[in-house]
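Scroll down for the structure; my scribbles are underneath it.
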Amino acid sequence: MRILHLLSLIAISFSASAGRISGIVTDNKGKTLPFASILVKGTSKGTTANNEGKYFLELDPGTYTISAQYVGYERVEKKVTVSDKAVDLDFQLTLQQLSLKEVVVRPGGEDPAYEIIRNAIKMRKGYENPLDSFTCEAYIKTLIKTRKLPKKIFGQKIDSEDKKGMGVDSVGKGIIYLSESLTKVAFKKPNKTKLEVLSGRESGSNGFGFNFPTFINFYSNTVNVFASQLNPRGFISPISDGAIHYYKYQYLGSFWEDGKEINQIKVTPRRKYEPLFSGTIAITEGDWRIHSLELTLTKESQLEIVDTVRIRQMQVPITNEVWRTKDQVVYFTFNQFGIDAVGNFLNVYNKYEFNPAFSKRYFNNVVVKYDTAVNKKSKQYWDSVRPVALEPEEVKDYKIKDSVFQFQRDSVWSKRSIDSLKKRQGHVKPMQILWSGFNRSNFNPKNPWRYSWDPLIKNLQYNTVEGLVINAGASFTKSFVASKRSLTIAPHLRYGISNEHFNAWASINLSKQNFTWDNEGGTTGRSTWTLTGGSRVSQFNKANPITPFLNSIYTLLFKQNYLKLYENRFAELQYQHRYDNGLRISGSLLYEDRLPLENTTDFSFNKSSSKVFTPNYPFEKLDTQFVRHQALIAGIDIQFRPGQRYIQFPRNKMAFGSKYPTFGFQYLHGIDKVLGSDVNFDKWRLSVWDDMNLKLKGTLKYRFSIGGFINRDKVYIQDYQHFNGNQILFASQYTNSFQLAPYYANSTTASFYTTAHLEHHFNGLLTNKIPLFRKLNWNLVGGGNAFYVNKSNNYAEAFVGLENIFKIARVDFVAAYLNGKSAQTGIRIGFGGLLGSSIRVGR
């Protein structure tokens, strides 16, 4: 969410009075004009029609001139006298009659639209943020409807009960989301913003609704439309500084309003598969402002998730020097996976105030703040503040879904309802134990608890130490509502069939969340104590560079046992605390009795005699297996992200980013001769990492670290500094590993080392010049990873690849140099792109 790109400097003053004007806006053929703009001439008062062209406006008694506008149509004005009686006032608009200037365009000459656009570009910067500070209120209404639903989505059947719960009919047609909200917007130069959500409602729930103004500022060079998932690069404005290199323009003619000439210009992308708009934009003559626009994005605009987006804006003068968007409607269509859906987002701005007096700490790290009674407003309240009349289907949707929700809420904790919920959970079935797992709850709001079971088959593993491994895991969570604490107990059982060895361990987790109010808002914090102990097997590198699942595949199919394990009987106490200012601190005390493990099986489906399993220890660093020893290790880990911003809800607070990177510091101390401990070392690491959205240039991700051993008197292989290598086809964690490096060959106890990870996601840049790639929307990614210890221990790799393959996959070609002389190349396959970037492979 990029709040700074979602705000607008627009508004219309609105006041409720005794006199009410209402009517409908249509074209000259009787077709309604949805979301037409209604203005009171000579004032900043006005409203917006709904999707059926209907509007209402409340004014003090008197005589007014009311105008109706719609993009592409001539404005119509009517005089009306307002009293204490309702007045019907309909408008019929005709298509804009454009007059062409007497301009001679010779063959090969330039269309006059280009000179108009050049003038608009010159004025762009001054119009982008013309006010030093302001506040206004934004009314936001969101409507999403399905026109058709499939029988299954991602293999999950959609039955009649599911459709009934969504509020759609038997074919899947109906409103699935309806909300409205009222948000106060505050802005102060150079870049301070704040949203105060005054009220919000969602049909059929007690949700807060969609609360963030979706103003799209075409005076910005790069235009952001909703979330970055639609296109992380953003889209190029038709009046951006370099727009003439991206767009073709055609002068359609001009028309006059209030003595001002307005030029209508057709906008067309020069090339397909660039982040560009198409449509029309109206520019005023002389001062070169945006008057109105209707622009469209499609898949050929590198649009993701949805199929089309159409934006309609109407701008009006707020003062003699400042114009802002009066209303904006964003329409979208979605037709994928068998789901056919449409929707619109309507924004109307009111109660504009210039240069308000803000308190000293008004602009703090809380950028979005919800009123404590945000979702508790009555129907009468909404009828009094809503500037746009609801449509009949919306009235019906609210009435039916809110009634059902109210009934369910009133009866949800009744004995009958709880018994019904428990019955729906059903009895535990064998396939749930073996394959799917299960969750159960007591559905008691005053004394809630729940437990879960991890499926046995999905957690099967195979390695050369234990053979076939059976894992069983469960968890039990008890919530203490009054104290805002929760207690979780999670036992784990593990049995290796080949070595006939059983391991068991458990964790106890106690967490508490604090949220207090003061004069400046809410303060939040979360603390967690975790006690873990028992007997387990662990990788020598605790970062777990290879997953048990992938190791199982490579062991069974390719006769390669990369997973190296040791047994440890352990106890660990951890404490974590997250502070309100972006600071996170955790401390730990770990005791391990470390026992070596040997291979007990050489079974593999691969019968090649040229391949032999390697010993079960980091043989690249050790000549023989390590000896049993004990280790007591204390650690502290600190993370801090300055400038962290928050969304403050009525009962909690959520961080959502900062313009600064995250800094991390870790320190581990091996404590000698306590509880029989045999280790004595001091190890540190300092890191910085971030994801930087460079808009049209793509996204840059980096992670840099330095560290080393201050003291290395007694260091065993488990406590070395390991570099996360990867020797299999499937990519390891990006920006935190080395895709072709060995797992343990470069592990060290050196006094100093440094690591660097850098990758750039082009997000369509460059590949949009290649016909096949731009049509498939496959994107280029490139970068490098390196670590350096000394001249004989170093590594560097560079990679280039494609991501967003089928929205989930990524393929890289990697070239690497180990210790400055050993060169190798390889292919790595992983997850990346619109959907793939959010997938994390489990351990």
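Listed values, structure above:
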item	result
Flag for Lys266 being farther than 23 Å from Val316 by Cα and either among the β-branched types (Val, Ile, Thr) or open to solvent by 30 Å² or more (accessible area, probe 1.4 Å) (or both)	no
Residues of the stretch 364-404 that turn out to be more than 15 Å from Thr183 (Cβ to Cβ), touching a strand residue (DSSP E or B) at 6+ places or on another chain (Cβ under 8 Å), open to solvent by 40 Å² or more (accessible area, probe 1.4 Å) and part of a loop (DSSP other than H, G, I, E, B), as a count	2
Single match in Ser384, Ser378, Ser403 (criterion: closer than 16 Å to Tyr139 by Cα and hydroxyl-bearing (Ser, Thr, Tyr))	Ser384
Number of the condition not met by Ile21 [criteria: (1) exposed (fewer than 15 other Cβ atoms within 10 Å of the Cβ); (2) modelled with pLDDT of 90 or more]	(1)
Any chance Ser822 is closer than 29 Å to Asp682 by Cβ, over 26 Å from the mean Cα position of the chain (by Cα), surrounded by fewer than 17 Cβ atoms within 10 Å (Cβ to Cβ) and not hydrophobic (A, V, I, L, M, F, W, C)	no
Subset of the stretch 806-817 [surrounded by fewer than 20 Cβ atoms within 10 Å (Cβ to Cβ) and either modelled with pLDDT of 95 or more or within 14 Å of Leu758 (Cα to Cα) (or both)]	Ala809, Val811, Phe813, Ala815, Tyr817
Of residues in the stretch 557-575 being aromatic (Phe, Trp, Tyr) and more than 34 Å from the chain's Cα centre (by Cα), the one surrounded by the most Cβ atoms within 10 Å (Cβ to Cβ)	Tyr566
From the options Ser475, Ser452, residue that is open to solvent by 30 Å² or more (accessible area, probe 1.4 Å) and of a type outside the set (Phe, Trp, Tyr)	Ser475
Residue within the stretch 292-302 that is in contact with a Gly (Cβ under 9 Å, 6 or more places away or on another chain), touching a residue at least 60 places away in the same chain (Cβ under 8 Å), buried (at least 20 other Cβ atoms within 10 Å of the Cβ) and small (Gly, Ala, Ser) present	yes
Test: residue in the stretch 460-470 that is of a type in the set (Gly, Ala, Ser), open to solvent by less than 60 Å² (accessible area, probe 1.4 Å) and closer than 19 Å to Pro548 by Cβ	yes
Of residues in the stretch 665-723 being touching a Phe, Trp or Tyr at 6+ places or on another chain (Cβ under 7 Å) and of a type in the set (Asp, Glu), the one farthest from Asn568 (Cα to Cα)	Asp690
Cross-chain or 6+ apart pairs with Cβ under 8 Å, the stretch 387-401 first and touching a residue at least 40 places away in the same chain (Cβ under 8 Å), then part of a helix (DSSP H, G or I)	Leu390/Tyr398
Selection within the stretch 769-802 - in contact with a helix residue (DSSP H, G or I) (Cβ under 7 Å, 6 or more places away or on another chain) and either part of a strand (DSSP E or B) or modelled with pLDDT of 95 or more (or both)	Asn779, Leu780
Some residue of the stretch 338-351 being assigned to a helix (DSSP H, G or I), farther than 27 Å from Ser181 by Cβ and open to solvent by 10 Å² or more (accessible area, probe 1.4 Å)	no
Residue match in the stretch 231-244 (condition: open to solvent by 30 Å² or more (accessible area, probe 1.4 Å), free of Cβ contacts under 8 Å to residues at least 60 places away in the same chain and over 19 Å from Ile117 (Cα atoms))	no
Subset of the stretch 157-168 [of a type in the set (Asp, Glu) and either touching a helix residue (DSSP H, G or I) at 6+ places or on another chain (Cβ under 7 Å) or open to solvent by 70 Å² or more (accessible area, probe 1.4 Å) (or both)]	Glu161
Enumeration of residues in the stretch 576-590 that are closer than 19 Å to Gly676 by Cβ and open to solvent by 60 Å² or more (accessible area, probe 1.4 Å)	Leu589
Residue match in the stretch 209-221 (condition: part of a strand (DSSP E or B) and buried (at least 19 other Cβ atoms within 10 Å of the Cβ))	no
Considering residues of the stretch 194-208 that are open to solvent by 20 Å² or more (accessible area, probe 1.4 Å) and closer than 14 Å to Val368 by Cβ only, the residue farthest from the chain's Cα centre (by Cα)	Leu198
Filtered residues of the stretch 751-768 (kept if open to solvent by 20 Å² or more (accessible area, probe 1.4 Å) and free of Cβ contacts under 8 Å to residues at least 60 places away in the same chain)	Ser751, Phe752, Thr754, Ala756, Leu758, Leu766
In the stretch 608-656, the residues that are open to solvent by 40 Å² or more (accessible area, probe 1.4 Å), without any contact (Cβ under 8 Å) to a residue 40 or more places away in the chain and of a type in the set (S, T, N, Q)	Ser609, Ser610, Thr624
Residue satisfying all of: in the stretch 480-490; modelled with pLDDT of 95 or more and open to solvent by less than 60 Å² (accessible area, probe 1.4 Å); nearest to Thr532 (Cα to Cα) among these	Ala490
Strands (runs of 3 or more DSSP E) lying entirely in the stretch 592-694 (those with 1 or more residues that are within 24 Å of Ile717 (Cα to Cα))	629-640, 662-670, 680-693
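The values are calculated or read from the model by the stated rules, or taken from the named source; none is laboratory data. Everything numeric here is computed off the predicted structure, so don't read it as measured data. Note: ideal-geometry Cβ built from the backbone for every residue, glycine included; neighbour counts use all protein chains shown. Ligands, DNA and RNA are stripped out before the accessible areas are found, and what is left, the full protein with its side chains, is counted by its heavy atoms. Shrake-Rupley method; radii C 1.70, N 1.55, O 1.52, S 1.80 Å.
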